[in-house]
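To start, the structure under review is shown below, and the notes come after it.
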Amino acid sequence: MDDKEIMSRITELIDTEHELRGQLQRGELSSEQERERLRSTEEALDQCWDLLRQRRAKREFGESTEDATARPVSEVEGYQQLSLGGIRVPRAQAAAFLSSVSRK
């Protein structure tokens, strides 16, 4: 999948997310149905964004973008967004970093 295809998939998933929220507001979905479908959509979005970031990083450092692969949901969902330039790292590392910064 190239960057254009990934962006297209991201757009589709965002549209799905908006449609689900609209259906909930119109009473066409139970909140339980919406939560499950929304969770699945959000996980797929996180995977797509992660794959796109991997490809961009590989391109920046002269590596083949074809080596980038979608990571499992369990790994992608374990990331925490830091406010330091949008760096994404596993939660345990983020917690350790934030802890070390707060002690200074």
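Below, the figures for the structure above:
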item: Scope the range 6-50; condition in a helix (DSSP H, G or I), of a type in the set (D, E, K, R) and more than 16 Å from the chain's Cα centre (by Cα); matching residues; result: Glu19, Arg21, Glu32, Glu34, Arg35, Glu36
item: Restricting the range 1-48 to residues that are of a type in the set (S, T, N, Q) and crowded, with 16+ Cβ neighbours inside 10 Å, the residue that is nearest to Ala68 (Cα to Cα); result: Gln47
item: Failed criterion for Arg71 (all others in (1) of a type in the set (Lys, Arg); (2) within 17 Å of Thr11 (Cβ to Cβ); (3) not in a helix (DSSP H, G or I) hold); result: (2)
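We did not get these values from a lab; they are worked out from the coordinates using the rules stated. From a predicted model like this one, the values you see are computed outputs, not experimental measurements. As a convention, Cβ positions derive from the backbone with ideal geometry for all residues, glycine included, and neighbour counts pool all protein chains shown.
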